[in-house]
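*Asks:* To start, I am sharing the structure in question, which I have written as structure tokens.
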């Protein structure tokens with residue numbers, strides 16, 4: 001087994017069931033084996049490409065512009081309080 | 001009149017042959033008649049569409065001229081639409097109503113479109129079938145026991161079935177071209193950065209490219225004229241001047257150098273696909289194109305590069321769905337999204353970054369260089385879009401890398417950010433559409449569209465062009 005599914009799911013904050021752990025272990029190990037085919041390609045001294053059209057350091061003026069109103073920004077929140085998003089406490093959780 | 005293309009619909013509206021309300025009603029009527037079979041739409045915006053059509057008719061009477069005034073359009077459900085539910089076909093976003101429009105939507109609205117509704121897709125655009133949609137798979141209009149392809153499968157099916165005049169899709173690697181191929185319509189994947197990604201539910205941020213799905217190449221050029229250009233909300237949009245895509249069509253293609261690579265007629269390719277595409281290439285040769293055999297980087301490595309890059313970027317992009325600001329919690333992610341998030345999380349995790357993501361980005365450089373080399377010798381590259389015809393429903397079951405493998409022929413050009421288009425070139429014996437892709441260098445949309453259009457013009461009387469899905 002190459003991938004520790006329970007640990008990875010925790011990192012990604014994904015709730016998964018024990019039967020899913022088994023299934024994903026098999027499938028993800030297969031995917032890892034599959035992509036290891038890339039080792040056949042010699043990439044010594046090759047620079048990685050992350051931006052294909054070559055744009056770099058795209059800057060703009062840092063000026064305030066009209067944006068969403070508070071009401072609009074909160075319009076999809078399931079839980080709100082006094083004009084804020086309300087979230088569960090995260091400190092002291094463990 | 002729902003079977004009209006944009007050009008014909010515009011002429012009809014201009015000459016007062018029909019109103020936008022009549023045209024919109026014709027499309028809505030068609031949707032009501034056939035969409036229970038096709039499931040191309042996730043959300044229908046009937047009331048808003050009729051209101052907009054009424055306003056368009058008034059504007060037309062007043063002499064207002066806008067490129068899409070009164071024309072019904074369907075939009076893939078990963079484009080944010082202000083006040084209209086946007087789910088990306090995932091129940092994580094089941095009740096999400098965006099407070100803003102994607103730039104693409106904003107541009108189409110300014111151009112006067114009538115929005116019919118939001119089309120089905122693979123959830124989060126993860127797939128090439130629509131089978132990962134939480135709202136059920138869409139069906140292929142040419143055979144409803146088959147898949148339309150994906151992820152923009154709903155848009156492609158809606159256009160093929162004449163439920164709409166045109167549609168918008170998005171492609172990360174194949175998601176416009178492959179469903180267009182399987183449904184027998186025109187699908188343009190613009191160069192990365194040619195069309196703004198702002199407001200599109202992000203999948204693979206270094207790859208995502210929105211584009212049109214249409215009935216003709218002319219319509220494709222017409223919509224690209226509206227969508228292309230820089231956007232202050234998407235820093236990757238290019239300052240490279242945009243072309244006049246519609247105006248540039250109908251240029252002679254005599255002497256245009258077309259590269260053909262044996263590597264793209266891969267082992268296991270459907271024999272009918274191979275035959276029909278090779279006939280189309282012969283047709284282009286007859287129109288004066290110069291066909292040259294070229295060698296390209298083996299597309300099989302593109303599957304690996306794409307799998308790593310896309311899943312890594314997915315894991316990062318989908319981290320934002322926490323159910324706090326909008327949508328529901330992460331327990332609602334279905335299997336495919338979970339699989340991709342976990343693979344990406346693994347590939348980016350400490351100790352593995354160099355082995356996977358960095359390695360994939362290095363091979364990406366090799367693929368970019370390989371295309372640059374090829375485009376020194378030829379102007380465009382032509383290949384089948386998909387190695388198969390539309391596959392039966394259920395084809396993706398337990399195929400953990402279905403999308404990545406099905407899209408082997410479109411991944412290399414997506415990884416390099418190139419322009420590409422799928423055009424229909426005929427049918428199999430069973431009556432399933434065959435698609436061919438024309439790939440050009442970055443920002444060569446004008447050239448790619450022109451070659452596609454010349455093929456379309458020169459084959460407009462071909463018998464197969466008169467076929468329509470029987471629904």
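*Asks:* Do you know which residues across the stretch B:29-47 are touching a strand residue (DSSP E or B) at 6+ places or on another chain (Cβ under 7 Å) and not in a strand (DSSP E or B)?
*Replies:* Step one: filter the stretch B:29-47 for residues touching a strand residue (DSSP E or B) at 6+ places or on another chain (Cβ under 7 Å), giving B:31, B:35, B:40-45.
Selection gives B:31, B:35, B:40, B:45.
*Asks:* Further question on the same structure: Restricting to the stretch A:23-50, and then to whatever is facing chain B (nearest Cβ under 7 Å) and in a loop (DSSP other than H, G, I, E, B), can you tell me which residue is surrounded by the most Cβ atoms within 10 Å (Cβ to Cβ)? Don't jump to the end; show me each part of the working.
*Replies:* Going residue by residue through the stretch A:23-50, those that are facing chain B (nearest Cβ under 7 Å) are A:24, A:27-28, A:30-31, A:34-35, A:37-38, A:41, A:43, A:46-50.
Still in the running and in a loop (DSSP other than H, G, I, E, B): A:41, A:43, A:46-50.
Details: A:41: 18, A:43: 18, A:46: 16, A:47: 9, A:48: 15, A:49: 22, A:50: 13.
Of everything passing the filter in the stretch A:23-50, A:49 is surrounded by the most Cβ atoms within 10 Å (Cβ to Cβ).
*Asks:* When the stretch A:55-65 is examined, which residues are found to be more than 8 Å from chain B (Cβ to nearest Cβ) and either at pLDDT 95 or above or over 24 Å from the mean Cα position of the chain (by Cα) (or both)? Walk me through it before giving the result.
*Replies:* Step one: filter the stretch A:55-65 for residues more than 8 Å from chain B (Cβ to nearest Cβ), giving A:56-57, A:59, A:61-65.
A:59, A:61, A:62, A:63, A:64, A:65, listed by residue number.
*Asks:* Given the conditions (1) surrounded by fewer than 23 Cβ atoms within 10 Å (Cβ to Cβ); (2) touching a helix residue (DSSP H, G or I) at 6+ places or on another chain (Cβ under 9 Å); (3) over 20 Å from residue B:167 (Cα atoms), report the number of the one that residue B:246 does not fulfil.
*Replies:* Among (1) surrounded by fewer than 23 Cβ atoms within 10 Å (Cβ to Cβ); (2) touching a helix residue (DSSP H, G or I) at 6+ places or on another chain (Cβ under 9 Å); (3) over 20 Å from residue B:167 (Cα atoms), residue B:246 violates only (3).
*Asks:* Can you tell me how many residues within the stretch A:72-87 are more than 9 Å from chain B (Cβ to nearest Cβ) and not in a loop (DSSP other than H, G, I, E, B)? Quick ask: steps written out before the conclusion?
*Replies:* Taking the stretch A:72-87 first, the residues more than 9 Å from chain B (Cβ to nearest Cβ) are A:80-84.
Okay, now just the ones that are also not in a loop (DSSP other than H, G, I, E, B), so A:80-81, A:84.
Of the residues in the stretch A:72-87, 3 are more than 9 Å from chain B (Cβ to nearest Cβ) and not in a loop (DSSP other than H, G, I, E, B).
*Asks:* Next question. For the stretch B:104-128, enumerate the residues that are touching a strand residue (DSSP E or B) at 6+ places or on another chain (Cβ under 9 Å) and buried (at least 24 other Cβ atoms within 10 Å of the Cβ).
*Replies:* The answer is B:104, B:105, B:108, B:113, B:114, B:116, B:117, B:118, B:119, B:120, B:121, B:125.
*Asks:* Mind telling me which of the residues A:16, A:90 ends up being more than 8 Å from chain B (Cβ to nearest Cβ) and either over 24 Å from residue B:206 (Cα atoms) or surrounded by 14 or more Cβ atoms within 10 Å (Cβ to Cβ) (or both)?
*Replies:* Details: A:16 fails: more than 8 Å from chain B (Cβ to nearest Cβ).
Among A:16, A:90, only A:90 is more than 8 Å from chain B (Cβ to nearest Cβ) and either over 24 Å from residue B:206 (Cα atoms) or surrounded by 14 or more Cβ atoms within 10 Å (Cβ to Cβ) (or both).
*Asks:* The conditions are (1) over 29 Å from residue B:191 (Cα atoms); (2) at the interface with another protein chain (Cβ under 10 Å from one of its Cβ atoms); (3) touching a helix residue (DSSP H, G or I) at 6+ places or on another chain (Cβ under 7 Å); (4) assigned to a helix (DSSP H, G or I), and residue A:6 fails exactly one of them. Which is it?
*Replies:* (2)
*Asks:* Would you check if residue A:68 is closer than 29 Å to residue B:442 by Cβ and either facing another protein chain (nearest Cβ under 9 Å) or over 20 Å from the mean Cα position of the chain (by Cα) (or both)?
*Replies:* Details: closer than 29 Å to residue B:442 by Cβ: no; either facing another protein chain (nearest Cβ under 9 Å) or over 20 Å from the mean Cα position of the chain (by Cα) (or both): yes.
Against the criterion (closer than 29 Å to residue B:442 by Cβ and either facing another protein chain (nearest Cβ under 9 Å) or over 20 Å from the mean Cα position of the chain (by Cα) (or both)), residue A:68 does not qualify.
*Asks:* Among the numbered criteria (1) more than 30 Å from residue B:201 (Cα to Cα); (2) at pLDDT 95 or above; (3) in contact with a helix residue (DSSP H, G or I) (Cβ under 7 Å, 6 or more places away or on another chain), which single criterion is violated by residue B:99?
*Replies:* With respect to (1) more than 30 Å from residue B:201 (Cα to Cα); (2) at pLDDT 95 or above; (3) in contact with a helix residue (DSSP H, G or I) (Cβ under 7 Å, 6 or more places away or on another chain), residue B:99 is out only on (1).
*Asks:* Still on this structure: Kindly indicate whether any position in the stretch B:41-49 is within 20 Å of residue B:4 (Cβ to Cβ) and under 18 Å from the mean Cα position of the chain (by Cα).
*Replies:* Taking every residue of the stretch B:41-49 in turn, at least one turns out to be within 20 Å of residue B:4 (Cβ to Cβ) and under 18 Å from the mean Cα position of the chain (by Cα).
*Asks:* Any chance the stretch B:8-18 includes a residue that's in contact (Cβ under 8 Å) with a residue 60 or more places away in the chain and part of a loop (DSSP other than H, G, I, E, B)? Explain how you work it out, then say what you get.
*Replies:* If we filter the stretch B:8-18 for residues that are in contact (Cβ under 8 Å) with a residue 60 or more places away in the chain, which is where we start, we get B:9-10.
Of the ones still in play, those that are also part of a loop (DSSP other than H, G, I, E, B) are none.
No, the stretch B:8-18 contains no residue that is in contact (Cβ under 8 Å) with a residue 60 or more places away in the chain and part of a loop (DSSP other than H, G, I, E, B).
*Asks:* Run down B:434, B:448 and say which single residue is under 22 Å from the mean Cα position of the chain (by Cα), touching a residue at least 40 places away in the same chain (Cβ under 8 Å) and part of a helix (DSSP H, G or I). Break it down into steps so the answer makes sense when it comes.
*Replies:* Details: B:434 fails: part of a helix (DSSP H, G or I).
So the residue among B:434, B:448 that is under 22 Å from the mean Cα position of the chain (by Cα), touching a residue at least 40 places away in the same chain (Cβ under 8 Å) and part of a helix (DSSP H, G or I) is B:448.
The values are calculated or read from the model by the stated rules, or taken from the named source; none is laboratory data. Nothing here was measured: the structure is a model prediction, and the numbers come from that model. Positions of Cβ are backbone-derived with ideal geometry, glycine not excepted, and every protein chain shown enters the neighbour counts.
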